[in-house]
């Protein structure tokens, strides 16, 4: 089901939660990426000091079966979250 949904993802694709609240897919995916990025940095700060955001290169993997539109969608969601797009693949 989810794979079929991802074939036609766009900024305006609506996603509905279990309480029937609807939000744009771009907002949801950006929130997830933002959470993962924040969780990563919290773990880094607990374990080491001196690492800067420019020292980290982010890689977002996308399933090969996803279409070009879905791949572009994920790139845009990641760029919405990242402060420096040059650190994103």
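The values are calculated or read from the model by the stated rules, or taken from the named source; none is laboratory data. All figures in this text were calculated on a predicted structure; none of them were measured in a lab. Cβ atoms come from the backbone with ideal geometry, glycine included; neighbour counts cover every protein chain shown.
Checked against the criterion of being under 18 Å from residue 25 (Cβ atoms) and either modelled with pLDDT of 85 or more or assigned to a helix (DSSP H, G or I) (or both), the candidates 79, 45 yield just one match: 79.
So, in the stretch 28-77, exactly how many residues are within 29 Å of residue 12 (Cα to Cα), touching a helix residue (DSSP H, G or I) at 6+ places or on another chain (Cβ under 7 Å) and surrounded by fewer than 13 Cβ atoms within 10 Å (Cβ to Cβ)? Summing the residues that are within 29 Å of residue 12 (Cα to Cα), touching a helix residue (DSSP H, G or I) at 6+ places or on another chain (Cβ under 7 Å) and surrounded by fewer than 13 Cβ atoms within 10 Å (Cβ to Cβ) in the stretch 28-77 gives 2. Per the conditions (1) under 19 Å from residue 12 (Cβ atoms); (2) within 13 Å of the chain's Cα centre (by Cα); (3) surrounded by 14 or more Cβ atoms within 10 Å (Cβ to Cβ), the sole criterion not satisfied by residue 24 is (2).
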